[in-house]
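Written out below as structure tokens is the structure these notes cover.
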Amino acid sequence: MFKAVLQWFGLSLVIGALAGTASAGFLASLDIVTKTRSEHPWLLLLLPVAGILVAWLYHHHGKEVAAGTDLILDEIHSPKQVVPLRMTPLVLLGTLVTHLFGGSAGREGTAVQMGASLSDQLTHVFKFEGQQRKILLMSGIAAGFASVFGTPLAGAIFGLEVLRVGRLRYAALLPCFASAIIADRVTSLWGIHHTIYKISEVAPLGIVPLGYAVFAGIAFGLCARLFSQSLHHMIRLFKHGVNNPMVRAFVGGIIVIVLAALMQSDRYLGLGVPVIVETFNQHVPAYDFVLKILFTAVTLGSGFKGGEVTPLFFVGATLGNALSWILPLPMSLLSGMGFVGVFAGAANTPLACTVMAMELFGTQGAVFCAIACVVSYLCSGHKGIYHSQRIGVKKHVETN
């Protein structure tokens, strides 16, 4: 046991260092391209051309890694071959191009894929197979997630929870936690700072306020289901409607430009972090969450690269903000609940999201956020944003 602990801790040091450094470089680059796009709005007009570039890169050099995060999950469920190292530069470049020219996407998918693909290269060195390699990949997922959001505990649990609905693999407990914590520290040592979100007011823990939290959780779960189904439907629509992946991305870029022109706003482009911060301080348009779902579904569905989680944060925070008009709970509390609640339902990771709420917002409001995450998880259905996620235990168990 002592030998195994030392071995996995040593491997976690390597995984954490690799994933943390990769995430630091990615976040610094993402900040640069986001600022560049904000300073030069005309770059959006080149989004269709950028889509051709991303699609061409994956069509000619990355067909085997095009599945992204789902490929990682498939390799954990049914190991076949080491994840190609080229996944890291391809997803990094593809995501940066998407954001530079205004695509609506996230960043967790990029960090998770980089962390997992880098960690899987250790398979060549140590000749891992079976259970050992599965844990290696899970540790890479945990490290990537933790480092990109600055949430080491949530990252560790995400790596354990995302594989199967309703089941955790406790054999990976130490490697996932160690890798996630180390990756987060390494990213911080590189001078990367994460956005601060603050719940300024909470409600008392009474039956009535907690009842309102349940209603909010139902809304978040239904919204998570809408997001997942919209994304998957858009992917099918583009694939069936346009055979050529480069033309597909070009058309998707045109649609995003048209949508942005109709809205006369860049509010729904990129990560949308300023809008998320805004939801904690003031009321935002009640339709924000619907439009972000549309922009993100078109962007990712047509073949651009990036993650789904930050758009989910946007969708959840703006929905929570809108609910403050009808539910007598503090606006910032509902925004925080939606921030983690919609993500919990869409990714089927209620435990990771509950812990994330405490890491991001502090323990105030933790009970409300936990209720939002659990209820959303129960109401979102079994199919989330990850196709390769499997059902370990059904969400609803009937009593006799």
Measuring from its Cα centre, the range 123-265 shows a charge dipole (+1 at each Lys and Arg Cβ, -1 at each Asp and Glu Cβ) which, in debye to the nearest 20, is 500 debye
Per residue convex hull volume, Cα atoms of the range 245-322, in Å³: 72 Å³
Cleavage-rule hits (trypsin sites (Lys or Arg not before Pro)) in the range 75-175: DSSP loop, at most 10 neighbouring Cβ within 10 angstrom: LYS80, LYS127
Please give the charge dipole size of the chain, origin at the Cα centre, charges +1 on K and R Cβ atoms and -1 on D and E Cβ atoms. Round to the nearest 20 debye. 820 debye
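Provide the gained length on full extension for the span HIS61 to SER38, in nm with one decimal, where the gain is 0.36 nm per separating residue minus the Cα-Cα distance.
5.2 nm
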Short version: ³J(HN,Hα) in whole Hz for each residue of the range 284-289, in order, from phi by Karplus 6.51 cos²θ - 1.76 cosθ + 1.60 (θ = phi - 60°), x for Gly and Pro, what are they? 10, x, 5, 8, 3, 5
Exposed-site-free run, longest, the chain (rule: GluC sites (Glu not before Pro); DSSP loop; at most 10 other C-beta within 10 Å): 130-397
Project the alpha carbons of the range 97-140 onto their principal axes and report the range along each, largest first, in whole Å. 42, 15, 10
Scoring the chain by relative contact order with C-alpha pairs under 8 Å, at least six apart, yields a percentage of 23 percent
Which percent of the accessible heavy-atom area of the range 305-400 goes to carbon and sulfur, probe 1.4 angstrom? 61 percent
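At most 13 other Cβ atoms within 10 Å plus a DSSP loop assignment makes a site exposed; report the longest stretch of the chain without any exposed chymotrypsin sites (Phe, Trp or Tyr not before Pro). Intermediate values should be presented prior to the final figure.
Numbers: sites that count: TYR287, TRP325.
It works out to 1-286.
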Size of charge dipole - the range 244-375 - debye, nearest 20, with Cβ of Lys, Arg +1 and Asp, Glu -1, no other charges: 240 debye
Based on Cα positions only, what radius of gyration and what Dmax would you give for the range 148-199, in angstroms? 12.6, 36
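Report D for the range 122-243 in µm² per second (integer): Stokes-Einstein, Kirkwood Rh on Cα pairs, 4 °C, 1.567 mPa s.
Numbers: Rh = 17.8 Å.
Value of D from the Cα-based Kirkwood radius: 73 µm²/s.
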Show the residues, 5+ positions off or on another chain, whose built amide H is closer than 5 Å to the amide H of ARG167. GLY392, VAL393
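Mean projection of the alpha-carbon convex hull of the range 226-277 over all orientations, in nm²?
Numbers: hull surface 17.8 nm².
If I average the Cα hull's projected area over directions, I get 4.4 nm².
Using the Cα atoms of the chain to build a convex hull, what is its mean projected area in square nanometres? Provide the component values of the computation, followed by the final result.
Details: hull surface 79.7 nm².
Mean projected area of the Cα convex hull: 19.9 nm².
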Given a 1.4 angstrom probe, I'd like the percentage of the accessible area of the range 76-164 that is carbon and sulfur, rounded to a whole number. 60 percent
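The values are calculated or read from the model by the stated rules, or taken from the named source; none is laboratory data. The structure presented is a predicted model; accordingly, all values stated were derived computationally and were not measured. Neighbour counts run over all protein chains shown; Cβ positions are idealised from the backbone, glycine included. Just so you know, the surface numbers come from the protein's heavy atoms only, side chains and all, with ligands and any DNA or RNA stripped out. Shrake-Rupley method; radii C 1.70, N 1.55, O 1.52, S 1.80 Å.
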